[in-house]
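Chemist: Okay, handing you the structure first.
What follows is calculated from the coordinates using simple rules that are stated; it is not laboratory data. Quick caveat: nothing in here was measured; it's all calculated off a predicted structure. Reconstructed Cβ throughout: ideal geometry from the backbone, glycine too, with neighbour counts over all protein chains shown.
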Amino acid sequence: MLNIILHGCNGKMGKTLQEIISKEPDLNILAGIDQNISDPLPFKLYMSPLDCEVKADVVIDFSHHSAIKDLLEYCVRMKVPVVIATTALGDEDLELIQQASEVIPIFRTANMSIGINALSRMLKHAVPVFEEDFNVEIIEKHHHKKVDSPSGTALLLANSINEACTKKKDYLYGRHSKNDQCKITDLGIHAVRGGTIPGEHTVIFAGPDEVIELTHRVYSKSVFALGALKAAKFLVTKNSGLYSMEDMV
Ligand SMILES: NC(=O)c1ccc[n+]([C@@H]2O[C@H](COP(=O)([O-])OP(=O)(O)OC[C@H]3O[C@@H](n4cnc5c(N)ncnc54)[C@H](O)[C@@H]3O)[C@@H](O)[C@H]2O)c1
Ligand SMILES: O=C(O)C1=N[C@H](C(=O)O)CCC1
């Protein structure tokens, strides 16, 4: 039996995880953490990781970047591995994650799907072919309730491209008020919000008279929830360290 604490249990991803876990006999939600108190839940709810007195086998986090410091403090104090799916983490948050991973196992990715991991690998191979003559742009589309932009995944894909480039790219977040031609070193990142789109990312390589578009589309949030559960099972077998999809897939 894998005992899980859900951080952000009352959010959209937290609820998706609750539904999936309730149907899995070998998974149990020991407690939830959320600053948003909701209807009664079939497990104990804490408003902050700092209040949480129980220890699980693993914590799964889909919450908000502002919560990451307290979450890491709890996980390090309790020596609990943590799967971090929350996006919009700043440099300071990433440094805290790095430090905590010296004590506990941490899995972090901005996208829990297999497809984005595969796309990220494809991009690294594609860059040498396109780098000289093709402009690169990323368009991401998400539901109207998403609070951060651009998506963590768009940045993940941009970083995969940039790592493979000999001449590093400058990220442009939209082109509003930019009255200039597009440079070959520009990498435009554009966010679209609307409806219930669970997640879509398109990478465009646009060259002289030809265009390639690579699109990854998610049709349900359960893709991310199942990926996070897979990561949790993977993580509980590991020693301290920082792990990502590349370690698991
Ligand atoms: N890595 C992935 O594959 C992946 C997939 C989907 C979503 N996400 C990310 O996960 C996060 C959550 O997504 P969501 O759609 O569930 O959002 P949401 O807004 O529906 O849910 C977030 C939940 O976290 C809670 N929360 C916020 N601040 C908190 C705090 N300080 N302490 C405790 N709880 C707090 C909120 O009350 C809310 O219930 C976002 O950053 C999103 O980008 C990542
Ligand atoms: O729904 C969200 O919010 C998502 N966030 C992640 C991101 O920012 O990349 C992954 C896709 C869904």
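Chemist: If you put +1 on each Lys and Arg Cβ and -1 on each Asp and Glu Cβ, how big is the dipole of segment 114-218 around its Cα centre, in Debye rounded to 20?
Modeler: So the magnitude is around 500 debye.
Chemist: Under 18 Å Cα-Cα from Lys183, which lysines qualify once same-chain neighbours fewer than 8 residues away are excluded?
Modeler: Result set, ordered by chain and number: Lys167, Lys168, Lys169.
Chemist: Okay, next question. Counting each DSSP H run of 4 or more residues in the chain as -39500 (n - 2.57), what helix-only mean residue ellipticity at 222 nm follows after dividing by all residues, to the nearest 500 deg cm²/dmol?
Modeler: Calculated at 222 nm, the ellipticity per residue is -10000 deg cm²/dmol.
Chemist: If the only charges are +1 at each Lys and Arg Cβ and -1 at each Asp and Glu Cβ, what is the size of the charge dipole of the chain around the Cα centre, to the nearest 20 debye?
Modeler: My answer is approximately 520 debye.
Chemist: Please name which of Ala31, Val103, Thr215 has its Cα lying farthest along the dipole of the chain towards the positive end, using unit charges on Cβ (Lys, Arg +1; Asp, Glu -1) and the Cα centre as origin.
Modeler: Farthest along the dipole direction, towards plus: Ala31.
Chemist: Cα-based Rg of the chain per 2.2 N^0.38 Å, rounded to two decimals?
Modeler: 1.07
Chemist: Take every Cα-Cα distance within segment 153-249, group them into 10 Å bins from 0 onward, and report for each bin the whole-number percent of pairs it holds.
Modeler: With a bin width of 10 Å, the distribution comes to 11, 34, 32, 18, 5, 0.
Chemist: Loop-only check: which trypsin sites (Lys or Arg not before Pro) in segment 101-140 are DSSP coil with at most 15 other Cβ within 10 angstrom?
Modeler: Answer by residue number: there is no such site.
Chemist: Are there GluC sites (Glu not before Pro) in segment 162-249 that DSSP puts in a loop and that have at most 11 other Cβ atoms within 10 Å, and which ones?
Modeler: Within segment 162-249, no GluC sites (Glu not before Pro) qualify (loop, at most 11 other Cβ atoms within 10 Å).
Chemist: Follow-up. Between the DSSP loop rule and a limit of at most 13 other Cβ atoms within 10 Å, which GluC sites (Glu not before Pro) in segment 80-152 are left?
Modeler: Hits after loop and neighbour filter: Glu102, Glu132.
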